[in-house]
Amino acid sequence: MELTNTPICRLCGRGPLRARLSFSGAAGSLTGEFRLVSCDNCGTWQVNPHPGPKLAQSYFNRPELWAKTLDPEGRPVSLLERSQGRAQEYRIYAQAMTPFLPERGLLLDIGAGTGLMLSLLPDNRPKLAVEPNPVAAEAARERGLEVSREWAENLTFPKVPIGAIILNQTLDHLPRPDLFLSRALSWLSPGGLTLITGLINPLSLPARVYGPRHRLWSPWHQIYPPLAAVTGLLKAQGLEILEVWRPYFVTPFGGPWNLTRASLKILATLIRRPRPGAVSPPWPGNVYSLLARKNLLLQPLKVPSPQAAPLASQY
Ligand SMILES: [Zn+2]
């Protein structure tokens, strides 16, 4: 498959990029092999060369992605069944968002999956689930949600007031998260919220201990931004950070028993006795989520076109 080489950082628009890890024939990969580089400016690790929109869309559009896929240990899982297991985590996000939601404006979930997150928000505002995958989109429709099967990079919202943009495990799957985020934040009404979840911390303990065998490296996780890179970028675009989470105990992978087992596993790896082929365990701080609010005084930015709005030009 053909990959795209982007010479600048796909979060901050700068660089330079430094080679970190390379992989070949990774399980579940349509790209066969991929490399990770990191940005000297903001510290974001990223896949480069990387899947472009065409390749990413063919991967995420497959019906079997939601019906049957492989987890990092190579076991088959159903994302449709697993998504319900995230309800406890999503409820925490919904409870944090609800008191801050503007009185008006569309609640927009981009990469909405089965629509679970959107369904937990108040019903007294219009909602739109953007979900291209046919199986996930059907599940969202069955919840009674309005669904658009458009791809994130093709979306436009010229005049609709938008009260919240949810990027629930979405941003790091996009080929150009930098371009997309600067456009999406420009749609947000003053006082509007953005919830960004599931970002992978490249500096977590398991990432450092396991190196190339960290469970979350994948050509389909396109960027791995440290928290400071994301908060800095959001603040530069006129947003204030309301809350940051490191979800673990509320996820299907967490809990005291799993934490004990994971601690022993990491300890064994540190003293160089890992099981052959073992990947890093789920761990608090592997991923993080954040809620931010657009400054009430800011008017939506006028962005002429997606390609004409690289992030660096807005610094
Ligand atoms: Zn960067």
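Distance check, please: which entries in LYS68/LYS127; LYS127/LYS294; LYS127/LYS159 exceed 22 angstrom between their Cα atoms?
Pairs exceeding the cut-off: LYS68/LYS127.
If you take every DSSP beta bridge whose two residues both sit in the chain, what share of them, in percent to the nearest 5, is antiparallel?
65
Could you state the per residue volume, in Å³, of the convex hull enclosing the Cα atoms of the stretch 170-283?
115
Using 0.36 nm per residue of separation minus the Cα-Cα distance, give me the extension gain between PHE100 and PHE253 in nm, one decimal.
Roughly 52.2 nm would be gained on extension.
Based on a Kirkwood Rh over C-alpha pairs, give the Stokes-Einstein translational diffusion coefficient of the chain at 20 °C and viscosity 1.002 mPa s in µm²/s.
107
Sort LEU188, LEU193 so the one with the fewest other Cβ atoms within 10 Å of its own Cβ comes first.
Ascending Cβ contact count within 10 Å gives the list LEU193, LEU188.
Run the helix sum for the chain: -39,500 (n - 2.57) per DSSP H stretch of 4+ residues, divided by residue count, reported at 222 nm to the nearest 500 deg cm²/dmol.
Mean residue ellipticity, 222 nm, calculated: -7500 deg cm²/dmol.
Name the residue farthest towards the positive end of the dipole of the stretch 62-298 from the options HIS173, GLY277, PRO256, assuming +1 on Cβ of Lys and Arg, -1 on Cβ of Asp and Glu, about the Cα centre.
Result: GLY277, furthest along the dipole toward the positive end.
Any read-out appearing in this document is the output of simple, stated calculations on the displayed coordinates, not a laboratory observation. Keep in mind that this is a model prediction, so the values were computed, not measured. FYI the Cβ positions are ideal-geometry reconstructions off the backbone, even for glycines, and counts take in every protein chain you see.
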